[in-house]
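Asks: Would you mind keeping the following structure in view while I ask a few things?
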Amino acid sequence: MSSTLSETAQGGIIDKVVKIKRCAAVVKGGRRFSFAALVVVGDGQGRVAWGYGKANEVPPSVEKAVKDGSRKLQQIQLEGTTIPHEVVGCFGSARVVLVPASPGTGVIAGAAVRAVCEACGIHDILTKSFGTSNPTNVVKATIDALTNLRTKTEVERLRGVSLS
């Protein structure tokens, strides 16, 4: 099925449907269809995760994916409305480069990366994705990049030195 991007918010949780996949099982009477949903879940304040759900209809698969994602929320280090430094994330053959941007730039990204950034609460960022365009792998690579972010104070604490 085509790449769709819809958004809902409930109880402070933002969820964005990145991809709905249709699967057909051939049975005696014809084809039986089922659906798989890839959803990005976040709180808009630095927490984000992806969820995957499968069901015989689209709405239950999206609900399962949201439930799966809200269990796995991870805290991301933000600096205002952007990220602290440039970072690269990888998953499979997907590589995503995230670059901080000045206020007012907006989210310059493709559909999958944009969903992750908006759910996380990033408002100013430049991105480029390399390798595959598979939304599942691009979302996972983006979240990998965001989890590798460190603020200046965190780096000082980890290294035990003062950075000026």
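The values are calculated or read from the model by the stated rules, or taken from the named source; none is laboratory data. Worth saying up front: this structure is predicted, and the values here are computed from it rather than measured. Virtual Cβ from ideal backbone geometry, glycine too; neighbours counted across all protein chains shown.
Asks: Given the conditions (1) closer than 15 Å to residue 40 by Cβ; (2) part of a loop (DSSP other than H, G, I, E, B); (3) in contact (Cβ under 8 Å) with a residue 60 or more places away in the chain, which single one is not true for residue 112?
Replies: (2)
Asks: If you scan region 59-79, which residues turn out to be assigned to a loop (DSSP other than H, G, I, E, B) and touching an Asp or Glu at 6+ places or on another chain (Cβ under 8 Å)?
Replies: Hits for region 59-79 are 73, 77.
Asks: Which residue, of 147, 127, 136, is more than 16 Å from residue 49 (Cβ to Cβ) and not assigned by TED's automatic domain parsing to the domain that holds residue 18?
Replies: 127
Asks: Oh, and also: Could you identify the single residue in 51, 89 that is assigned by TED's automatic domain parsing to the domain that holds residue 150 and assigned to a strand (DSSP E or B)?
Replies: Answer to the selection: 89.
Asks: Could you run through region 116-159 and say how many residues are polar (S, T, N, Q), surrounded by fewer than 16 Cβ atoms within 10 Å (Cβ to Cβ) and assigned to a loop (DSSP other than H, G, I, E, B)?
Replies: 4
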